[in-house]
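Reading through the structure tokens given below for one structure.
The values are calculated or read from the model by the stated rules, or taken from the named source; none is laboratory data. Computed from a predicted structure; not experimentally measured. As a convention, Cβ positions derive from the backbone with ideal geometry for all residues, glycine included, and neighbour counts pool all protein chains shown. These area figures cover heavy atoms from the full protein model, side chains too; ligands, DNA and RNA do not enter into them. Shrake-Rupley method; radii C 1.70, N 1.55, O 1.52, S 1.80 Å.
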Amino acid sequence: MSHGEVAQVILDEAVADARLATWEFDGARAWLEAARLHPMQPLAAEVWVTDPVFEHVVLVKHRVRGWVPPGGTVEPGEAPRTAAARELLEETGLRTELLPEPAAAAVRSYRADWSPTLGLSYAAVVGRDVPLAWEQNQPAAWFRLDAAWDSVFPEDRERICAHARRLAAGHAVGSH
């Protein structure tokens, strides 16, 4: 496959995951359809990791953004789901299976000098007894979902809480 064909396959996977996402924020699906017509900034992928009782979430301390879910840029030729799992491992040391259904699709700018881009959020459930390991100067920690945390994306807390409540109510992947 050529580079352009690989990029198209990756974009098609992002579109498919955005359509499957449980939650849509910021008009993400419509934004993505319009963005497909023009070159766009790299996609972003993150993981909302909750504990089995859905009371805690894993966050990493980003030097600029504050406490955020583990995630980052989808590399060229990398599927968004693969990028999310890679970023999770790099930033927290957690190697776990992501839930099949993406948690959310959102549009945001990750830096003041970047155009808004699509961010896909995936979900995972991990016991709090599994040790966290993190990158230098970017600690990872468990936070209670009912507590506030310092982040440039304050809306994330309610979004993650809503998804955790959905999972706790038994609306896991495949059941609506």
Theoretical FRET efficiency, 1/(1+(r/R0)^6), r = Cβ-Cβ of Ala112 and Val9, R0 35 Å, to 0.05:
0.65
Using only protein heavy atoms and a 1.4 Å probe, report how much of Phe143 is accessible, in Å² to the nearest 10.
40 Å²
Rounded if a/c is under 1.5, else prolate if a/b beats b/c, else oblate: with a ≥ b ≥ c from the C-alpha gyration tensor eigenvalues square-rooted, which is region 56-176?
rounded
Taking all protein chains as present, what is the carbon and sulfur share of the accessible area of region 87-164, in % to the nearest whole number, probe 1.4 Å?
51 percent
Sorted by average packing, counted as other Cβ atoms within 10 angstrom per residue and highest first, what order do 42-48, 93-99 take?
42-48, 93-99
Summing +1 per Lys or Arg and -1 per Asp or Glu among the other residues with Cβ less than 14 Å from His163's Cβ gives -4
Is the C-alpha gyration tensor of region 103-145 telling us rounded, prolate or oblate? Criteria: a/c under 1.5 is rounded; beyond that, a/b larger than b/c is prolate, otherwise oblate.
oblate
In degrees, nearest 10, range 0 to 90: what is the angle between the Cα axis of helix 3-20 and the longest Cα principal axis of the chain?
50 degrees
Name the residues whose placed amide hydrogens come within less than 5 Å of the amide hydrogen of Leu145, ignoring near sequence neighbours (fewer than 5 apart) on the same chain.
His56, Val57
Within the set of other residues whose C-beta is less than 13 Å from the C-beta of Arg95, count the net charge using Lys and Arg as +1 and Asp and Glu as -1.
-3
For region 153-166, just list the computed ³J(HN,Hα) in residue order, Karplus coefficients 6.51, -1.76 and 1.60, θ = phi - 60°, integers in Hz, with x standing in for Gly and Pro.
10, x, 5, 4, 4, 5, 5, 5, 4, 4, 5, 4, 4, 4
Under 5 Å, built H, 5+ apart or other chain: amide partners of Gly93
Ala133
Rounded, prolate or oblate: which fits region 1-128, taking a ≥ b ≥ c as square roots of the Cα gyration tensor eigenvalues, rounded meaning a/c under 1.5, else prolate when a/b beats b/c?
prolate
Quick one: net charge of Arg144's neighbours, Cβ under 13 Å, K/R +1, D/E -1?
-1
Run the numbers for Thr96 and Ala147: contour at 0.36 nm per residue of separation, minus the present Cα-Cα distance, in nm.
15.9 nm
Using alpha carbon centroids, what distance separates region 76-102 and region 15-62, in Å?
12 Å
